[in-house]
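Asks: Okay, handing you the structure first.
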Amino acid sequence: MENVHVAPVVGPEYESGYIRIDGDLIAEVAAGPAPEAPGVTRIDGTGCLATPGLVNTHHHLYQWASQGLAQDATLFEWLVALYQVWAAMDADVVEGAATAGLSWLALSGCTTTSDHHYIFPKGRGDLLAAEIEAARAVGLRFHPARGSMDRGQSKGGLPPDVVVEELDDILSATAEAVDAYHDPSFSSMLRVAVAPCSPFSASAELMTESAALAREKGVRLHTHLAETVDEDEHCREQFGLRPVDYMLKLGWLGPDVWLAHAVHLSDADIGKLAATGTGTAHCPSSNGRLGAGIARVSEMLRRGANVGLGVDGSASSELTPLAGEMRQALLYQRARYGPRALTARQALELATLGGARNLGRHHELGSLEPGKLADIALWRVDGPYTAAVADPVCALVFGPVPPLARVLVGGRTVVADGELRTLPQDEAGRAGLRARRRLARLAEERGFTAAEQIH
Ligand SMILES: [Zn+2]
């Protein structure tokens, strides 16, 4: 890859440089023209910006099949409206939704994504296997987090009992998922995490048992935390603690944990996240869509807490492209804290190295350095409008998402000339539409009409 503006996130930026790839690894990043070498495939990056592939650290891929619903609701209202629709999903819905969601991520420069799947209705097929198959087909590095809920309404939780599972079933299914799929090796394409859903849908016992299981298996922990004021009140009323202190009590802060949202934090909470090495997934569009609030990202960064980005499920962020979350994050922070709250390059770091740290993969991913995996996004910034911007990183972060000349995952082309190359792109998109129709039909058979949930 040559004649390209290289923004490596770590190390010097080159206005015109090259990246030499050997197998699935980056061998060299340097300024100037690439040296002549026989038998080498050359990618001309003239007019392009090379960045590390983006890392998405929070998603619910199945939600592609339930977009556009409960549009004006708070988080709790939105969940209550949608739980019964989601209760109808099956493996076909998940595979179609995940195929569309994952290809949409690839088309905005994503090379690694997590997914938090926490609803497993009985007798509806192997939902985790369905999304893993979709990730293989699209060609992204995948970190499915085996989610769970055991605190239904009859136990004081928010979800109806029909969407929760029994504790023992959850723990055995989660252990099986880790044993079946988790690959801890360098350059792994698939790692599993353990992920009870949230304090208001998972019991304390599920949280502590999940943490013990994850630590026994050497995998990471993920959950939602401190997303809304409603959750804050729920935790204080039910547990006598605010969310971060509740997590601390349950043994859920640590360098192997990353938390989605972390919007409503006190100064002391930020200190606890920083001191324990607990990461957070900032999901600004979802937080905006649900009116949840603005996370204190620039303060977290200043105090040494790690932050990555997440698009969150498509039902709460709709068609959010991952690359656009850099802009959203930057503007929110500046609106709250002023123009020096977050720079374009810091926003790029959140989307790359920050995400890699959340997933425990910062030695492999997140920057363009020799020895790291060749996961690279090549953005076309020479279009008639973007070419006028003096700084290509500014064009990428402040502007609309530029076209992608190439997306490489471990040196393998996933996107070229703005098109998905691993699957027929239109079919991948239409798989999401089929999933939506199927879910609507399955929900209707159970007496719930998705279309009635628009507002
Ligand atoms: Zn979420």
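Just so it is clear, none of the values below were taken in a lab; they were calculated from the coordinates. Note that the coordinates shown come from a computational prediction; the quantities given were computed from them, not determined experimentally. Virtual Cβ from ideal backbone geometry, glycine too; neighbours counted across all protein chains shown.
Asks: Regarding the stretch 126-270, what's the average projected area of the Cα-atom convex hull, expressed in nm²?
Replies: Dividing the Cα hull surface by four gives the mean projection, 9.2 nm².
Asks: In Å and from the alpha-carbon atoms only, list the Rg and Dmax of the stretch 119-205.
Replies: Over the stretch 119-205's Cα set, Rg and Dmax evaluate to 14.1, 44 Å.
Asks: For a quick check: sort Glu427, Glu364 by the number of other beta carbons within 10 angstrom, fewest at the front.
Replies: Ascending Cβ contact count within 10 Å gives the list Glu427, Glu364.
Asks: Separate question: Full extension from Arg215 to Ala91: what is 0.36 nm times the residue separation minus their Cα-Cα distance, to one decimal in nm?
Replies: In short, 41.8 nm is gained.
Asks: Could you give the length gained on full extension between Glu13 and Asp183, defined as 0.36 nm per residue of separation minus the Cα-Cα distance, in nm?
Replies: Length difference between fully extended and current span is 57.9 nm.
Asks: If you don't mind, there's one more thing I want to ask. From the residues Ala214, Ser114, Gly277, which one has its Cα farthest along the dipole of the chain in the positive direction, the dipole being from +1 and -1 charges on Cβ of Lys/Arg and Asp/Glu about the Cα centre?
Replies: Gly277
Asks: How compact and how long is the stretch 339-455, expressed as Rg and Dmax of its alpha-carbon atoms in Å?
Replies: Using the Cα atoms of the stretch 339-455, the pair Rg, Dmax is 19.5, 56 Å.
Asks: What's the ranking of 353-363, 103-113, 177-187 by average number of surrounding C-beta atoms within 10 Å, highest first?
Replies: Packing order, densest peptide first, comes out as 103-113, 353-363, 177-187.
Asks: Next question, about the same structure. Computed over the Cα atoms of the stretch 1-145, what is the ratio Rg over Rh, Rh following Kirkwood?
Replies: My calculation of the ratio gives 1.13.
Asks: Under a point-charge model restricted to the Cβ atoms of Lys and Arg (+1) and Asp and Glu (-1), what is the dipole moment magnitude of the chain relative to its Cα centre, in debye to the nearest 20?
Replies: Value, rounded to 20: 660 debye.
Asks: Sticking with this one: At what distance in nm do the modelled label points of Val40 and Arg340 sit from each other, each positioned 7 Å from its Cα along Cα→Cβ?
Replies: Reported label-point gap for Val40 and Arg340 is 4.2 nm.
Asks: Dipole size in debye (nearest 20) for the stretch 206-314 around its Cα centre, Lys and Arg Cβ +1, Asp and Glu Cβ -1?
Replies: Its charge dipole is roughly 380 debye.
Asks: Okay, moving on. Considering every Cα-Cα pair within the stretch 138-187, what fraction, in whole percent, is farther apart than 16 Å?
Replies: 54 percent
Asks: Just name one of Tyr181, Pro196, Asn287: the one whose Cα is farthest towards the positive end of the charge dipole of the stretch 181-293 (beta-carbon charges, Lys/Arg +1, Asp/Glu -1).
Replies: Selected residue: Tyr181.
Asks: Right, here's the next one. Hey, for a label at Glu28 modelled as a point 7 Å past Cα toward Cβ, could you say which residues of the stretch 329-372 have their backbone N under 20 Å away?
Replies: 368-372
Asks: Can I ask one more? Say the dipole of the chain comes from +1 at the beta carbon of Lys and Arg and -1 at that of Asp and Glu; which of Gly304, His59, Leu433 then lies farthest toward its positive end?
Replies: Going by the Cα projections, it comes out as Gly304.
Asks: Along its principal axes, what span do the Cα atoms of the stretch 394-455 show, with the longest given first and each in whole Å?
Replies: 47, 29, 19
Asks: Pull out the extension gain between Thr208 and Ala173, defined as 0.36 nm times the separation in residues minus the alpha carbon to alpha carbon distance; nm, one decimal.
Replies: Using 0.36 nm per residue and subtracting the Cα-Cα distance, I get 11.0 nm.
Asks: At what distance in angstrom do the alpha carbon centres of the stretch 181-232 and the stretch 272-340 lie from each other?
Replies: A separation of 20 Å, based on Cα centres.
Asks: Which FRET efficiency, nearest 0.05, do Lys249 and Arg441 yield, Cβ-Cβ r, R0 51 Å?
Replies: The value I calculate is 0.70.
Asks: I've got another one for you. For the stretch 56-118, what log10 I(q)/I(0) values come out of the Debye formula at q = 0.22, 0.23, 0.24 1/Å, with one point per alpha carbon and no solvent?
Replies: Values, matching the q order: -0.97, -1.03, -1.08.
Asks: Suppose R0 equals 41 Å; then what is the FRET efficiency for Val162 and Ala416 from their Cβ-Cβ distance, rounded to the nearest 0.05?
Replies: 0.40
Asks: Next up: Of all beta bridges DSSP finds with both residues in the chain, what is the antiparallel percent, to the nearest 5?
Replies: Here the antiparallel bridges make up roughly 45 percent for the chain.
Asks: Shifting gears a bit: Under 5 Å between amide H atoms, partner at least 5 residues away or on a different chain: which partners does Leu25 have, H built in plane at 1.01 Å?
Replies: Ala374
Asks: Can I ask one more? Before rounding to the nearest 500, sum -39500 (n - 2.57) across all DSSP H runs of length at least 4 in the chain and divide by the residue total; then give [θ] at 222 nm in deg cm²/dmol.
Replies: -11000 deg cm²/dmol
Asks: How large are Rg and Dmax for the chain when only the alpha carbon atoms are used, in Å?
Replies: Computed over the Cα atoms of the chain, radius of gyration and Dmax are 21.1, 69 Å.
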